[in-house]
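Colleague: Can you keep this structure in mind? I'll have questions shortly.
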Amino acid sequence: MDKIIPVVVIKDVNDTVPTLKALKDGGINCAEITFRTACAAEAIALGVKEFPDMNIGAGTVINSEQAKKAVSAGAKFLVSPGVSADVAEFAKEKGIPYYPGCVTPTEIMQALELGISIIKFFPANVYGGLKAMKALAAPFPQIKFIPTGGVDLENLSEFLSFDKIYAVGGSFMMKGDIRENCKKINAVLAAL
């Protein structure tokens, strides 16, 4: 299991290989390539082809059409900013993980009804961060969180030390020197 899920925005498909190589060289073997750009599916397909051992998924998947494109391109997991029953159903059919964004008890209950127990908590900093997740974990002990938004090198170990955190997502390692950022993240992971 990957403890770190980099949120990767590829604006030009030619940036795919150097970006994924930088993550891999830095010791991170996972990438969530977002569907915020026109070349997302192409970037996923290229990434999966060039880095077959990497855990490459699709992010910002907001409908089943995008989910189908992502899985056709080779995505190994799907992430949404919110909950989509259609995407959940499609992911279940295909046997791949789906991590919907949930921040309220109602959304968490909807995810549970869809058979999902690992959720993206986004944007974590806006919706109360670790304090909110600890409060939500009480009535929902079966839930694991992937906080995204507001997580960085400064608070990473604090998030990861909570046993209900499945992984941490974010783009904080994508700013500046990706390799060096990933090495710093791995140093934090090693210290846990």
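Colleague: Within the stretch 31-51, is even one residue assigned to a loop (DSSP other than H, G, I, E, B) and buried (at least 22 other Cβ atoms within 10 Å of the Cβ)? Spell out the reasoning first.
Modeller: Of the residues in the stretch 31-51, the ones assigned to a loop (DSSP other than H, G, I, E, B) are 35-39, 51.
With buried (at least 22 other Cβ atoms within 10 Å of the Cβ) added as a condition, the list becomes 35.
Scanning the stretch 31-51 turns up at least one residue that is assigned to a loop (DSSP other than H, G, I, E, B) and buried (at least 22 other Cβ atoms within 10 Å of the Cβ).
Colleague: Condition first: basic (Lys, Arg) and touching a residue at least 40 places away in the same chain (Cβ under 8 Å). Now tell me which residues in the stretch 105-143 satisfy that.
Modeller: Lys120 - this is the single residue of the stretch 105-143 that is basic (Lys, Arg) and touching a residue at least 40 places away in the same chain (Cβ under 8 Å).
Colleague: Going by the conditions given, is Phe35 free of Cβ contacts under 8 Å to residues at least 40 places away in the same chain and aromatic (Phe, Trp, Tyr)?
Modeller: Answer is yes for this residue.
Colleague: Evaluate the following for Lys92: is it of a type outside the set (Gly, Ala, Ser) and free of Cβ contacts under 8 Å to residues at least 24 places away in the same chain?
Modeller: Here the answer is yes, as Lys92 does meet what is asked.
Colleague: Answer with yes or no whether Pro81 is modelled with pLDDT of 95 or more, surrounded by 22 or more Cβ atoms within 10 Å (Cβ to Cβ) and within 22 Å of Lys144 (Cα to Cα).
Modeller: no
Colleague: Could you list all residues from the stretch 65-78 that are under 25 Å from Phe145 (Cα atoms) and open to solvent by less than 30 Å² (accessible area, probe 1.4 Å)?
Modeller: Hits for the stretch 65-78 are Ala67, Ala70, Gly74, Ala75, Phe77, Leu78.
Colleague: Search the stretch 158-172 for residues that are touching a residue at least 24 places away in the same chain (Cβ under 8 Å) and pair each with any residue that is surrounded by 22 or more Cβ atoms within 10 Å (Cβ to Cβ) and part of a loop (DSSP other than H, G, I, E, B) when their beta-carbon atoms are under 7 Å apart and the residues are at least 6 apart or on different chains.
Modeller: Phe159/Val151; Val168/Val151; Gly170/Val151
The values are calculated or read from the model by the stated rules, or taken from the named source; none is laboratory data. Quick caveat: nothing in here was measured; it's all calculated off a predicted structure. Heads up, the Cβs are rebuilt from the backbone with ideal geometry, glycines too, and the neighbour counts pull from every protein chain shown. Ligands, DNA and RNA are stripped out before the accessible areas are found, and what is left, the full protein with its side chains, is counted by its heavy atoms. Shrake-Rupley method; radii C 1.70, N 1.55, O 1.52, S 1.80 Å.
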